[in-house]
Structure formats: structure tokens, C-alpha cells
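The values are calculated or read from the model by the stated rules, or taken from the named source; none is laboratory data. Worth saying up front: this structure is predicted, and the values here are computed from it rather than measured. Note that we place each Cβ from the backbone using ideal geometry, even for glycine, and neighbour counts take in every protein chain shown.
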Ligand code: SF4
Ligand code: SF4
Ligand code: SF4
Ligand code: FES
């Protein structure tokens, strides 16, 4: 039984970096309990939030993500004791840096979702997806990437077409 | 700004101050080397052109007579104890000349176990300031030629050193240009800031001088050189440049001593120290951490507290 599928003009790409012990299990629980959540999210599993390097978030945006979610065990529940405490500081600093460089922080969400919180996973993912959908595509990093391939200085329809066929 | 008035005020730094510091450094270096208390002294030697200085390693009392201190002594010498120069410390105890900002780097390196306190002898300089990059040095150290970092320096007077040389002359109050620029950027909208940094980063030619000169960029394999898998594009084009600058600022956050060497060596005049300063401000605000001239056991991003702010986490 499927809920009626809504048609949207824009389907955001959301990349979720999750820790395998809590959030991944939580997402799994949401799945096995047949809860519905937007299919926009691509889940990438890590041993611990402590392993989620800020450069991964950057790379996700560069490669076309419109929103990024980072999620792991609640403080005190990390299976490696302090991975998420360290990650929390690192992400706080990274957020400040992205904000200073001019990235809209609304596109980057952090959460604690335990293995028992299938419902919270659905809530977090749905909320971020809808927020990013309303914001529209993340253009900034994409533009950089395009400029990397093609400066746009020679702007002929043929080049544009050739360029679009490869990207 | 009335440049002339400023010049007169700053010119009141008596040249005898530099002479006195130079003499004190020479006396101490000669003493240390002839007593064999150290095997070498890392200091500044006169450059080939008048009014310039170059970093140098001296090993004999005769060479030590050549050491100088002048506003041209811009380099952060702590770099000469790490990385390619790591071997220096294996030969024995080394004395090193350090301005306040360089001392923060040394302290940081000690905190990160890259340098041992007992392996070095620090000669701290009560520092009045040094020249900025590309400044006109003809008139000596003036409002126009002083480095931006020195305008708002909080570490003129070194702490925790083995020997302190020089007496600080009276210093004029200079406007904090860097702080002003930071405040200006903070007041912009995210879009405007993105546009500003996009423009700045687009100038980068990825010479990596900023990395080579930074005492804390001592990783034997830098993330930005990795190609399997590649973490960030290595060619000097927009996406890779932006990623590089974000990664650089992130890797130095909570470690950077604020020597602004990265900004000084940048051939494209990218204001790297603004990024460093912004991160330092954030870490001060969040975790009450500040780079200091005495070693701290752990930096703000290598420790944590259970009740750290998590208002940004759902
Ligand atoms: S920042 Fe301070 S200690 Fe460093 S060179 Fe300038 S005045 Fe000297
Ligand atoms: S990042 Fe720049 S200012 Fe900070 S320690 Fe390295 S060279 Fe000095
Ligand atoms: S020194 Fe300047 S141009 Fe060279 S890599 Fe660093 S920021 Fe880019
Ligand atoms: S194991 Fe889940 S955050 Fe460390």
C-alpha cells in the first residue's frame, strides 16, 4: 500500500551521512516498520560520526547534493565512547566556517537518531527534504563545478549542447 | 587617514630599539654556542639587499655575530624545526628566536608533540611589529608599512620564554583593519559573502605556499595531495580552490597561532588570515579557547565536554 505520490517540480538530492550503530539502525527500523519517508535521501553509512570528515560534506555539495544530513548516536551512546562528542565540536566549527564562506546553513542538518527512533528519522528526513525543496536547488557549488569544466567564456549553442551532453 | 601624522608617531620607535635587540640576540647566541649549550641558533641574517632579512641557522659563535633583528624579520622561524627541517633537532638542543606570534606556533607545536620543550631554547623578542607583505619599506616601520596582524597584536610581550630580549618601545594605537574587515564581512548576507570569497578563491593558483609556510601543516601526506580517492581537485580552478580553502581553514582551526605567514606568502593576496581569525573567534566563543604562548595540553577540537553546545543538532 503506497501513499499517493505527489508530483513536485523539484526533487532535491539529500545526502545523509550516518553512523552505522544508531542512525543507520534507526533508518532500518523505519523501513522494517513500513514508515514512509521521502526517497530523496541517499544514505551513506559510517562506523561512527567521528569518522565523518567535513570534507565529505563539502564533496557532497560539490557533486550535486542540495541538502546534507549528518546523524549519529545520542551523546553518551557512541559505540566508540567519544566519537560523537568530538564530531559535535568539529561540526560546530565547520558550520561556522561554511557560514562565513557564505553557504546557507539551512541546507545542512545535524541530528541524533538512535536505533529505536525510526519515527525521528522519518521526521528529520522529511523536514529537511521539504525545507530544501522550498529553497530550490543548491546552485553555488554546482556553478563552481561547471566553471571547472567549462569557463563559459566561449558561449556558443554548440558548446553548450556538447557540455550538457557530458554532464 | 593622515599618513604623515601616523608616520611621525610610528617613527618614534627609536632605531636604537632594533639595535639593542640585535645586540642582545648576538650576545646570547655567542654565549650559547661557545658554551656548547646549543648546537645551533635559528635566527635572522641580513638579506642580500639592504633592509632585508632571511631566516638562517647559525652554528658557530662567528656566524652568530651576523644575527640581526629588524622590521624585515617577518618569518615565523618555528617552521624551521618541523617538516623538511625536522632533522635539525636530532643534532641536539637548538635555540630559536621568536616573536610573540611565533611563540604561539611553538607552543602549539609542543602541544601537538612535534617539538619538545627541553629540545629548544627560546629567545623571545619584545616585538614592536614587522613589515607587511609588499609594503614600501623605505621609511622604516610606519602605519603604511606595518603588517596587518601587528596592528592588533596582543602578544607584543612574550611569555614563558627562556630569555626575553628587548624592551618594548611605546607603541601607537593603530586601527584594527583586520577586525574591521571581519566585521564588514560578517554584516553581509550569505550570498554577498559567497560572492566575495568566490572572487578571492578564484585568484588562487594552488602554489600551496600557504601550506608550505605554515608551521602546523606538517602532515607528511596532505589531504589535498591524495588522489586515490581524491578528496579535492588539485588543479587551480574554482571548485577545487574553494574546497582547498575550506579544508585549509578547517584543518588549522583550533591550531593556528595567527602568525599570518600564510597570508604573507600568498602571491595572489588572498586574505587567508581572515578565515583563520574567523575560526579563532568561533572557537573562543564556543569553547573559550585561545592560542597562547605557553603550551596547552589539547586544542579545542581534540577535546570535548559532555555539555558542549548542541543547539544546532536535532
Ligand atoms: S603580530 Fe605582534 S608579535 Fe607578531 S610580528 Fe606583529 S607585533 Fe610582533
Ligand atoms: S594558518 Fe597561517 S596564520 Fe595560522 S599558523 Fe599557519 S601560517 Fe600561521
Ligand atoms: S599561497 Fe595563495 S595562491 Fe598559493 S595556494 Fe595558498 S592561497 Fe592559493
Ligand atoms: S558510534 Fe554512533 S556516533 Fe559513534
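So, in segment B:227-249, how many residues would count as being in contact (Cβ under 8 Å) with a residue 24 or more places away in the chain and either out of contact with any helix residue (DSSP H, G or I) (no Cβ under 7 Å at 6 or more places or on another chain) or not in a loop (DSSP other than H, G, I, E, B) (or both)?
Of the residues in segment B:227-249, the ones in contact (Cβ under 8 Å) with a residue 24 or more places away in the chain are B:234-236, B:238, B:240-242, B:244-245, B:247-249.
Subset that is either out of contact with any helix residue (DSSP H, G or I) (no Cβ under 7 Å at 6 or more places or on another chain) or not in a loop (DSSP other than H, G, I, E, B) (or both): B:235-236, B:238, B:240-242, B:244-245, B:247-249.
Matching residues across segment B:227-249 total 11.
Restricting attention to segment A:72-89, which residues are surrounded by fewer than 22 Cβ atoms within 10 Å (Cβ to Cβ) and either under 14 Å from the mean Cα position of the chain (by Cα) or within 9 Å of chain B (Cβ to nearest Cβ) (or both)? Correct list: A:75, A:76, A:82, A:85, A:86.
The set of residues from segment B:253-271 being within 14 Å of chain A (Cβ to nearest Cβ) and more than 8 Å from ligand 2 (Cβ to nearest atom) comprises B:253, B:254, B:270, B:271.
When the criteria are applied in full, residue A:35 fails the requirement of being assigned to a loop (DSSP other than H, G, I, E, B) and either buried (at least 21 other Cβ atoms within 10 Å of the Cβ) or within 14 Å of another protein chain (Cβ to nearest Cβ) (or both). Taking residue A:70, is it modelled with pLDDT of 95 or more and assigned to a helix (DSSP H, G or I)? Answer is no for this residue. When residue B:264 is tested against (1) within 16 Å of ligand 1 (Cβ to nearest atom); (2) assigned to a loop (DSSP other than H, G, I, E, B), just one condition goes unmet, and that condition is (2). Per the listing A:128, A:105, A:69, the residue uniquely surrounded by 22 or more Cβ atoms within 10 Å (Cβ to Cβ) and in contact with a helix residue (DSSP H, G or I) (Cβ under 7 Å, 6 or more places away or on another chain) is A:69.
Check whether at least one residue in segment B:143-151 is surrounded by 13 or more Cβ atoms within 10 Å (Cβ to Cβ), part of a loop (DSSP other than H, G, I, E, B) and out of contact with any strand residue (DSSP E or B) (no Cβ under 8 Å at 6 or more places or on another chain), and report yes or no.
So the first thing to find is which residues in segment B:143-151 are surrounded by 13 or more Cβ atoms within 10 Å (Cβ to Cβ), and the list is B:143-151.
Among the residues that remain, those that are also part of a loop (DSSP other than H, G, I, E, B) are: B:143-145, B:147.
With out of contact with any strand residue (DSSP E or B) (no Cβ under 8 Å at 6 or more places or on another chain) added as a condition, the list becomes B:143-144.
The answer is yes, given that some residue of segment B:143-151 is surrounded by 13 or more Cβ atoms within 10 Å (Cβ to Cβ), part of a loop (DSSP other than H, G, I, E, B) and out of contact with any strand residue (DSSP E or B) (no Cβ under 8 Å at 6 or more places or on another chain).
Listed here are the helices (runs of 4 or more DSSP H) enclosed by segment B:171-226 that have at least 3 residues being touching a helix residue (DSSP H, G or I) at 6+ places or on another chain (Cβ under 7 Å), away from ligand 2 (no atom under 16 Å from the Cβ) and at the interface with chain A (Cβ under 9 Å from one of its Cβ atoms): B:190-202.
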